[in-house]
Each structure stands twice: as structure tokens, then as C-alpha cells.
Amino acid sequence: MAKKDLPTIARHAWENAPKCNCGAQQDTSDRGHKKCFRCKEQMEYGAYQGWQPNNSNCWNVEHLNPKAQGGTNQKENLKAVHKKCNK
């Protein structure tokens, strides 16, 4: 079964995240594992908050320069972080 495509903003944040390289089979795909921008721990593509909001390891999008302070949704301003790390 093919994995779903992320919304554009989430896709850009995911693309900016460093690869996990934990050695799991999922690491061979861009839709596998990545590292959280904040805690550097593993994130899983399918645990995106929009799809699995109750997953304890879900991730979402953080703006480096917050939108309230003039930040944009440009790709370079977006990072993927665990929901618990995005405070």
C-alpha cells in the first residue's frame, strides 16, 4: 500500500529534517525515519500529527521564525519536530 503524501508545509518540514540513519529498513526511503529538529530523536513519516494526533511520538511543523513575528511558510523556515518538542 502506498503511503499518503504530506500536505505541502509538512512535506517541506520533513524534507528539511536530517536523516535518521538508525539502520532500520525505513531509513532507505524519504518516507521512513528522520530526526526531530529539537531533540534529535527518531521521527516516523506516518506519525504526522494530521494523521495520528493521538500518537505519543507524532510530529508537526515548527516555524524557525514564528509567523506571529513575520515568519513565512517558505521551505527554509520550516522544521519537523515532535509535537512534544514544539512548545
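Listed values, structure above:
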read-out: Which labelled figure in (i) 0.96; (ii) 1.38; (iii) 1.17 is Rg/Rh (Cα atoms, Kirkwood Rh), once derived from the coordinates; value: (i)
read-out: Cα-based Lys proximity count in the chain, under 15 Å, for pairs eight or more positions apart or on separate chains; value: 16
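Read-outs: derived from the displayed coordinates by stated rules, not from any lab. Quick caveat: nothing in here was measured; it's all calculated off a predicted structure.
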